[in-house]
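Trainee: Submitted below is the structure of interest, expressed as structure tokens.
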Amino acid sequence: QVQLVESGGGLVRPGGSLGLSCKISGDIDNIYSWGWYRQVPGKQRELVAAVTIARSFFYGDAVKGRAAISRDSVNNTVDLQMNSLKPEDTAVYYCNAIIRGPREYWGQGTQVTVSS
């Protein structure tokens with residue numbers, strides 16, 4: 001099993017920046033993919049960013065050029081940095097990990113609100 005805990009969400013002004021962090025614990029040695037997804041009411045959960053153990057990076061079309069995902073193997077975190085934030089970025093952001101099995105795990109989510 002893998003436990004994921006997101007932090008760093010909050011209220012940000014349009015054009016501002018925000019960093020999110022996902023603390024990972026449990027069977028961390030068998031994870032082969034880490035990601036951030038987001039969801040708004042009435043919409044499908046969508047990819048923000050993901051990175052694999054082979055260091056392949058994937059970004060959602062809506063955030064390309066404005067988001068960067070990174071993994072800190074020392075502190076066991078997966079971080080998301082976003083800039084040039086827009087009101088359309090308002091969503092609950094979820095951390096994700098896939099373990100060899102395969103099996104998928106999700107965090108509880110953290111709210112990001114972009115508003116003046």
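Trainee: Yes or no: segment 107-114 includes at least one residue that is closer than 15 Å to Gly26 by Cβ and surrounded by 14 or more Cβ atoms within 10 Å (Cβ to Cβ).
Mentor: Yes, that holds for at least one residue.
Trainee: Pull out all pairs, ordered by first then second residue, where Cβ-Cβ is under 9 Å, the residues are six or more apart or on different chains, the first lies in segment 96-116 and is closer than 11 Å to Val2 by Cα, and the second is open to solvent by 40 Å² or more (accessible area, probe 1.4 Å) and in a loop (DSSP other than H, G, I, E, B).
Mentor: Ile99/Gln1; Ile99/Asp27; Arg103/Gln1; Tyr105/Gln1
Trainee: Mind listing just one residue for me: the one in segment 83-115 that is in contact with a helix residue (DSSP H, G or I) (Cβ under 7 Å, 6 or more places away or on another chain) and of a type in the set (A, V, I, L, M, F, W, C) and, of those, nearest to Leu47 (Cα to Cα)?
Mentor: Val112
Trainee: A further question follows. Give me a count of the residues in segment 24-53 that are open to solvent by 80 Å² or more (accessible area, probe 1.4 Å) and hydrophobic (A, V, I, L, M, F, W, C).
Mentor: So the answer is 1.
Trainee: Quick check: is even one residue across segment 77-97 among the polar types (S, T, N, Q), within 11 Å of the chain's Cα centre (by Cα) and open to solvent by 60 Å² or more (accessible area, probe 1.4 Å)? Spell out the reasoning first.
Mentor: From segment 77-97, those among the polar types (S, T, N, Q) are 77, 81, 83-84, 90, 96; that's our starting set.
Then keep just the ones that are within 11 Å of the chain's Cα centre (by Cα); that gives 77, 81, 96.
Next, from what is left, pick out any that are open to solvent by 60 Å² or more (accessible area, probe 1.4 Å): 81.
Within segment 77-97, one or more residues are among the polar types (S, T, N, Q), within 11 Å of the chain's Cα centre (by Cα) and open to solvent by 60 Å² or more (accessible area, probe 1.4 Å).
Trainee: State whether the residues of segment 18-39 include one that is more than 12 Å from Asn96 (Cα to Cα), within 11 Å of the chain's Cα centre (by Cα) and small (Gly, Ala, Ser).
Mentor: Looking for residues that are more than 12 Å from Asn96 (Cα to Cα), within 11 Å of the chain's Cα centre (by Cα) and small (Gly, Ala, Ser), one finds at least one in segment 18-39, hence yes.
Trainee: Related question: Checking Arg71 against (1) in a strand (DSSP E or B); (2) open to solvent by less than 40 Å² (accessible area, probe 1.4 Å): exactly one of these is not met. Which one?
Mentor: Unmet condition: (2).
The values are calculated or read from the model by the stated rules, or taken from the named source; none is laboratory data. Values in this document were obtained by computation on a predicted structure and should not be read as measured data. Virtual Cβ from ideal backbone geometry, glycine too; neighbours counted across all protein chains shown. Surface accessibility is based on the protein's heavy atoms, side chains included, excluding ligands, DNA and RNA. Shrake-Rupley method; radii C 1.70, N 1.55, O 1.52, S 1.80 Å.
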